[in-house]
1. Give the number of residues within region 130-155 that are over 15 Å from residue 116 (Cβ atoms) and assigned to a loop (DSSP other than H, G, I, E, B).
2. Please enumerate the residues belonging to region 35-51 that are crowded, with 16+ Cβ neighbours inside 10 Å and touching a helix residue (DSSP H, G or I) at 6+ places or on another chain (Cβ under 8 Å).
3. Being under 14 Å from residue 10 (Cβ atoms) and assigned to a loop (DSSP other than H, G, I, E, B) is the filter here; which residues of region 42-51 pass it?
4. Residues in region 20-34 that are surrounded by 12 or more Cβ atoms within 10 Å (Cβ to Cβ) and outside any strand (DSSP E or B): how many?
5. So is residue 123 under 21 Å from the mean Cα position of the chain (by Cα), surrounded by fewer than 14 Cβ atoms within 10 Å (Cβ to Cβ) and modelled with pLDDT under 95 or not?
6. Out of the strands (runs of 3 or more DSSP E) lying entirely within region 53-115, which hold 1 or more residues that are at pLDDT 85 or above and surrounded by 14 or more Cβ atoms within 10 Å (Cβ to Cβ)?
7. How many residues does region 2-19 contain that are on the phi < 0 side of the Ramachandran plot and either surrounded by 14 or more Cβ atoms within 10 Å (Cβ to Cβ) or modelled with pLDDT of 85 or more (or both)?
């Protein structure tokens, strides 16, 4: 079976997903082109597997196992990754991981305006937020050319 042969009978239930689930299988061109949409269960590695023998081509040859994986950082992490900032998990209970593409100063501010954490000149840090009062906070990241703010929820 190769990519030049039509596959028959592909359904969302054929896939195995570690740390997630198939939420949609769209047929773009029957037998030729499909789009698989996956929803992650939470931050971490998501792996999508089509096990060997799950589908056949028009000559009844079965597929070999095929897989792909990616690191899901969380809903807010994806949104701000374009800015060179990764913050995960969010919401967070214990350790909050912050990774920056440039040396920056950060601070976490409670919604009443109290600065609860400051760290300057960093590119990555792990912050134990278990001692913070649960609620919504703002992470302020000050780089040499911009200041950005990001909502963090501490549970």
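The values are calculated or read from the model by the stated rules, or taken from the named source; none is laboratory data. None of these values were measured; they are calculated from a predicted model. Note: ideal-geometry Cβ built from the backbone for every residue, glycine included; neighbour counts use all protein chains shown.
1. Matching residues across region 130-155 total 5.
2. Once the filter is applied, which keeps residues that are crowded, with 16+ Cβ neighbours inside 10 Å and touching a helix residue (DSSP H, G or I) at 6+ places or on another chain (Cβ under 8 Å), region 35-51 yields 36, 43, 50.
3. Initial filter on region 42-51 (under 14 Å from residue 10 (Cβ atoms)): 48-51.
Answer for region 42-51, where residues must be under 14 Å from residue 10 (Cβ atoms) and assigned to a loop (DSSP other than H, G, I, E, B): just 51.
4. So the first thing to find is which residues in region 20-34 are surrounded by 12 or more Cβ atoms within 10 Å (Cβ to Cβ), and the list is 20-22, 25, 31-32, 34.
Now narrow it down to the ones that are outside any strand (DSSP E or B): 31-32.
So the count comes out to 2.
5. Numbers: under 21 Å from the mean Cα position of the chain (by Cα): yes; surrounded by fewer than 14 Cβ atoms within 10 Å (Cβ to Cβ): yes; modelled with pLDDT under 95: yes.
Yes: the conditions hold for residue 123.
6. Details: elements: 66-72, 85-88, 95-110.
It comes to 85-88, 95-110.
7. Taking region 2-19 and keeping what is on the phi < 0 side of the Ramachandran plot, we get 2-8, 10-18.
Keeping just the survivors that are either surrounded by 14 or more Cβ atoms within 10 Å (Cβ to Cβ) or modelled with pLDDT of 85 or more (or both) gives 5, 7, 10-18.
Residues in region 2-19 being on the phi < 0 side of the Ramachandran plot and either surrounded by 14 or more Cβ atoms within 10 Å (Cβ to Cβ) or modelled with pLDDT of 85 or more (or both): 11 in total.
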